[in-house]
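One structure is given below, encoded as structure tokens.
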Amino acid sequence: MEIITRQQAKEQGLARYFTGKPCKHGHIAERRISSGCVECRKIIEKRYNNNNYDKRLKSSRDWKTKNKQLLYEYTKQYREENQTWYKNYMKKYLHKNSDKIKATRKLWLNNGGQSKKTAAQVIRNERVKIAMLPGLKVSDFHNIYFIRDLLKKKTGIDHHVDHIVPLQGKNVCGLHVPWNLQIITAEENLTKSNKWETV
């Protein structure tokens, strides 16, 4: 790698340069004209991402919601330009996850093979059935879904029925019972994901 100074890099119109000397934190790495040591910048960005995970997740979801068409076109173009890589990736994925795919297909066939639901929805429905206490009926849940629909109609804001303690949380798994359900906005639910926060 060519050793040059920051000034020489600026004169040549380069975005990065290499001095061969360690930065103040001891990294011997390339440096950006605008922000200094590349390795230091990676550490700062990683720390920021860890400390602002929820904020960045919400920002990412908001951007995807507002730019669905742009994202679709970009993804389509990228896949067309990288068809060979995608084919190889899918072969490896199918081979590695054959048991999961067989289980999903089995659920789909048990469901009559006519449902248009995605594999994820079928698996979630099965998880809900398992998490429901014996003796409860579907009619026991009608009231909360009725209130959700009423709220959506009155406010014009999309609402979801959410599990207070998630069915598949990181530390604890909840039950699909009326007293473990709450009505929150769709935005809150997407931000919450499968986390359970206690006060």
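Residue-wise test of (1) surrounded by fewer than 16 Cβ atoms within 10 Å (Cβ to Cβ); (2) of a type in the set (A, V, I, L, M); (3) closer than 24 Å to Lys55 by Cβ.
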position	(1), (2), (3)
Ser139	yes, no, no
Phe146	yes, no, no
Leu150	yes, yes, no
Thr155	yes, no, no
His160	no, no, yes
His163	no, no, yes
Leu167	no, yes, no
His176	no, no, no
Asn189	no, no, yes
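Looking across Pro134, Pro166, one residue alone is in contact with a Phe, Trp or Tyr (Cβ under 6 Å, 6 or more places away or on another chain) and at pLDDT 70 or above. It is Pro166. Of everything listed in (1) modelled with pLDDT of 85 or more; (2) assigned to a helix (DSSP H, G or I); (3) of a type outside the set (Phe, Trp, Tyr), the single unmet condition for Lys129 is (1). Against the list (1) in a helix (DSSP H, G or I); (2) modelled with pLDDT of 80 or more, the condition Ile123 fails is (2). Looking only at region 128-162, which residues are farther than 17 Å from Trp179 by Cβ and among the basic types (Lys, Arg)? If the condition is that a residue be farther than 17 Å from Trp179 by Cβ and among the basic types (Lys, Arg), then Lys129, Lys152, Lys153, Lys154 are the ones that fit. Of the listed requirements (1) among the β-branched types (Val, Ile, Thr); (2) at pLDDT below 85; (3) within 29 Å of Leu181 (Cα to Cα), Ile101 misses just one: (3). Of all residues in region 9-67, those being outside any helix (DSSP H, G or I) and over 28 Å from Asn189 (Cβ atoms) number 25.
The values are calculated or read from the model by the stated rules, or taken from the named source; none is laboratory data. Values in this document were obtained by computation on a predicted structure and should not be read as measured data. Counting neighbours? That spans all protein chains shown, and the Cβs are built from the backbone with ideal geometry, glycine included.
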